[in-house]
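Below: the structure, in structure tokens.
The values are calculated or read from the model by the stated rules, or taken from the named source; none is laboratory data. Quick caveat, the model's predicted, so the values are computed rather than measured. Please note: Cβ atoms are built from the backbone with ideal geometry, for glycine as well, and neighbour counts cover all protein chains shown.
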């Protein structure tokens, strides 16, 4: 098993730690936690460069070894680094959360049943796989913009080989990623996700 970690920070007060694991040639599992985000959706991507000499601005564009357009995680035509959105809830509570996370074109499915008590208080993260009805059906309460990841799996961000994401960067954005479907001039390149509020370089973990 190969493990990697990115410790995120910024002048915006957003902090977090993201963990990556990969078994053999299987998909990369992403877990972790963040704090300091305002409620709502925030673009979440792997960027091409592990360069933070000019803060998050110097991490380059989305990791895109196949020169595709920007899209949703479940789209066949997307950047490898397109991980969708961080979703921070803004009302309600839930004692038990059920998530069905689909990667239509990655041919992966992860089914999760997580007691709320095992997560940071009453807030959750989930990669936004265009299942808004599921997200909206779960009642949640934000607390200081904190949330914790539920496991998500990605085929196109390996930790080994020529397209490894080791040495690249994870970036969280100020606004929601429109997943390439918003009709904005930036939709097909960045998802019109706004400024970069936190980032961290992905490094190997022992």
Discussion item. I'd like to check which strands (runs of 3 or more DSSP E) are fully inside the stretch 1-97 and have at least 1 residues that are touching a helix residue (DSSP H, G or I) at 6+ places or on another chain (Cβ under 9 Å) and under 16 Å from residue 169 (Cβ atoms).
Written reply: 40-47
Practice prompt. Please work out which one of (1) under 14 Å from the mean Cα position of the chain (by Cα); (2) buried (at least 20 other Cβ atoms within 10 Å of the Cβ); (3) at pLDDT 95 or above is the condition residue 56 fails and give its number.
Written response: (1)
Item to complete: Only residues that are assigned to a loop (DSSP other than H, G, I, E, B), under 13 Å from the mean Cα position of the chain (by Cα) and either at pLDDT below 65 or more than 30 Å from residue 53 (Cβ to Cβ) (or both): list them for the stretch 138-175, please.
Response: 150, 151
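Conditions tested, residue by residue: (1) over 26 Å from residue 1 (Cβ atoms); (2) under 17 Å from the mean Cα position of the chain (by Cα); (3) at pLDDT 95 or above.
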residue: 20; (1), (2), (3): no, yes, no
residue: 24; (1), (2), (3): no, no, no
residue: 44; (1), (2), (3): no, yes, no
residue: 72; (1), (2), (3): yes, yes, no
residue: 85; (1), (2), (3): yes, yes, no
residue: 94; (1), (2), (3): yes, no, no
residue: 107; (1), (2), (3): no, no, no
residue: 110; (1), (2), (3): no, yes, no
Worksheet entry | Residue tally, condition more than 17 Å from the chain's Cα centre (by Cα), touching a residue at least 60 places away in the same chain (Cβ under 8 Å) and over 19 Å from residue 185 (Cα atoms), over the stretch 59-70 | 1
